[in-house]
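Contents: one structure, followed by commentary.
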Amino acid sequence: MKKFNFNIAIVGLGNIGSNLYKHLILNRKSIYKKTNSHFYLKYVSSKNKSKKRKIKIPKNQWLKNYSEAYTKKDIDIVIELIGGSEGAAKNLVFNALKNKKHVVTANKALISKYGDTLSKLAEKNNVNLEFEAAVAGGVPIIRTIKEGLITNKISKIYGILNGTSNFILSVMSKTNLNLKDVIKKAQSLGYAESNPKSDLDGTDAESKIQILSSLAFQSFINRSKINVEGIEKIDQVDIKNAKILGFKVKHLAIAEIKNNKLIQRVHPCFVKKDSYISNINGVLNAVIIEGLPIGKFTIQGEGAGPGPTTSALTSDICSILRGNIKLPFSIPNSKRKRISSIDISEEFFSSYIRLDVKDKTGVLSSITKILSKNNVSVKRLIQNPYKSKKFASIIIISHRSKNTNIEKSVRELGKKKFILNKPKFFRIEEI
Ligand SMILES: NC(=O)c1ccc[n+]([C@@H]2O[C@H](COP(=O)([O-])OP(=O)(O)OC[C@H]3O[C@@H](n4cnc5c(N)ncnc54)[C@H](OP(=O)(O)O)[C@@H]3O)[C@@H](O)[C@H]2O)c1
């Protein structure tokens, strides 16, 4: 077999970059055995060269500036580990591809925003653009769709794509801790960043499901009409109510094709407590695919952190060393489709509605009147009175009703004088 040599530059030596650097040095021989190609870890770059790091880097490996990673002739593979969809990361990846360098990145924000343009650039220049680490950390879901499930017609892909929010919901479900305290716990354990906004508001999972759905449905990345809700509004009362009713609260990202239209949504759901997905706990991620001829396929594993992310990055590097397929989204760009998308307003869900109300006569009939006016029929209603506080918590489980009608009811109920707190509404997901 013919042997190739590849020179690698790692740009970004933070949590992930420094761990990858160590791993590549330690596994040089085994990578050669598995790929029959040699690589040389030739250059590195980061923002602050004099920063103290856990790894020792010889002086001659430092580039003067990250832009040398795309201008220097003796670099074949650029590994972008800066992060963010703009600035240095964007400049580096665009220019590296233009200069015919293979690119490996863990950057979901960049790929979900510019993946289509970058993919065309990679194809035009006949180089790889690999991003296994951008979705679900150590879970090799991208390569699985691109290769293992290549001939399947996928109709639905969904799962838990954000380990931080899953960790928070799992701890809240096992303890009495509130959301704020669990976020602090996650930060102290290194599971949440100092600013965990994109984990909590659902936008991290949004980027990931956009990437997965374009791979699964062989389409361009679709960023429109996505329904995105985070976990910020979940409290212990909802977690406990879910338990009493036989559910667990999970934050899911879902993409499916219905009547040739794409529906993408990211939001917290009530799922049956004995379902597969409800037992994915802590920082684990899980992805489920429904397709033909495979049927139902599931894969799970650690979704973030240096170890799992390094595993995904090295798998991408090995793919390049082996000379594997160069098409970033598995098929040529000319064959990718544009699928029009619809939002979830016309979709039907059974739902959990929680209303904290003043405990007085007439409230219940007023609530049921609003629901019935909007064609939302009640399957179950539980009233928990708190006499001392003169309020009651009313839990309603609705029959399957149109999303737009449930939301309208909740909005109308929220305006009533007898409502004490903003009404809560979570969809019940039958998976
Ligand atoms: N952390 C995870 O668990 C995880 C999981 C999956 C994917 N990812 C993705 O992996 C990427 C890296 O994440 P991380 O956690 O390693 O981030 P990080 O710890 O913040 O590291 C970022 C690195 O980028 C460098 N950098 C910033 N601006 C630069 C510039 N202009 N030129 C050169 N280098 C620059 C920084 O340099 P200095 O060190 O000199 O400041 C730092 O080394 C992100 O895209 C992230 O979304 C992370």
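Here is how the numbers come out for the structure above:
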| read-out | value |
| --- | --- |
| Cα-centred dipole magnitude for the chain, charges only on beta-carbon of K, R (+1) and D, E (-1), debye, nearest 20 | 440 debye |
| Two-decimal log10 I(q)/I(0) for segment 156-304, as the Debye equation yields it once each C-alpha is a single scatterer, q = 0.15, 0.21 Å⁻¹ | -0.75, -1.34 |
| Residues whose placed amide H lies under 5 Å from that of Ser330, excluding near-sequence neighbours | none |
| Tensor-based shape of segment 1-78 (alpha-carbon gyration tensor, a/c under 1.5 rounded, otherwise prolate or oblate) | oblate |
| Cα-based Rg / Dmax (Å) for segment 288-331 | 13.8, 35 |
| Residue-span extension gain [Tyr40 to Ile244] - 0.36 nm each, minus C-alpha spacing | 67.7 nm |
| FRET E, pair Arg411, Ser85, Förster distance 22 Å, beta-carbon r, rounded to 0.05 | 0.10 |
| Share, in percent, of DSSP beta bridges within the chain that are antiparallel, nearest 5 | 70 percent |
| Share of pairwise Cα separations in segment 3-132, more than 27 Å, in percent | 15 percent |
| Pairwise FRET efficiency - Lys98 versus Lys261, Cβ, R0 = 45 Å, nearest 0.05 | 0.80 |
| Net charge, Asn126 excluded, C-beta distance under 15 Å - Lys, Arg +1, Asp, Glu -1 | +3 |
| Amide N of segment 343-358 lying under 18 Å from the label point, which is placed 7 angstrom from the Cα of Thr404 along Cα→Cβ | 343-350 |
| Residue pairs, from the table Lys174/Lys272; Lys49/Lys73; Lys42/Lys101; Lys153/Lys261; Lys360/Lys416; Lys208/Lys250, whose Cα atoms sit over 19 Å apart | Lys49/Lys73 |
| Stretchable slack from Lys373 to Thr298, in nm (0.36 nm times residue separation minus alpha-carbon distance) | 22.9 nm |
| Electrostatic dipole magnitude of segment 5-134 [Cβ: Lys, Arg +1; Asp, Glu -1; Cα centre; debye, to 20] | 680 debye |
| Most positive-pole-ward Cα, Ile397, Thr368, Ser350, against dipole of segment 347-429 from beta carbon charges | Thr368 |
| Difference of contour (0.36 nm per residue) and Cα-Cα distance, Phe220 to Lys197 | 5.6 nm |
| Asn178 versus Arg380: modelled label distance in nm, points set 7 Å from Cα along the beta carbon direction | 2.7 nm |
| Label zone at Asn15, where the point sits 7 Å out along the Cα-to-Cβ direction: segment 50-83 residues whose backbone N lies under 19 Å | 52-55, 80-83 |
| Entries of Lys156/Lys197; Lys47/Lys233; Lys185/Lys402 with Cα pairs more than 31 Å apart | Lys47/Lys233; Lys185/Lys402 |
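FYI, it's all coordinate maths here, none of it is from the lab. What you see is a predicted model, and the numbers here were worked out from it, not measured in a lab. With ideal geometry, Cβ positions are generated from the backbone for all residues, glycine too; neighbour counts draw on all protein chains shown.
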